[in-house]
1. Condition (residue is modelled with pLDDT of 90 or more and not aliphatic (A, V, I, L, M)) applied to the range 25-35: is it met by at least one residue?
2. Going through the range 24-37 one residue at a time, which ones are in a helix (DSSP H, G or I) and surrounded by 10 or more Cβ atoms within 10 Å (Cβ to Cβ)?
Amino acid sequence: MDYVSALVPPFVMAVFFVALVVTIVKSQGGANKAKEDAAVDAVLARAEATRQSQPQK
């Protein structure tokens with residue numbers, strides 16, 4: 001029975017890893033893609049505006 005207890009943790013971690021990858025892949029694109037892209041664009045625009053408004057040395 002030692003081999004069962006030795007194999008359970010890696011098996012459980014593998015199952016959770018596969019579930020994580022599937023979740024990430026399914027969340028790409030779809031209905032939320034435009035909203036996520038808009039949020040990223042807003043953050044990048046704010047960062048660029050902040051960088052340009054700082055005085056140059």
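1. no
2. 27, 32, 33, 34, 36, 37 - these are the residues of the range 24-37 that are in a helix (DSSP H, G or I) and surrounded by 10 or more Cβ atoms within 10 Å (Cβ to Cβ).
The values are calculated or read from the model by the stated rules, or taken from the named source; none is laboratory data. None of these values were measured; they are calculated from a predicted model. No Cβ is skipped: glycine too gets one built from the backbone with ideal geometry, and neighbour counts run over all protein chains shown.
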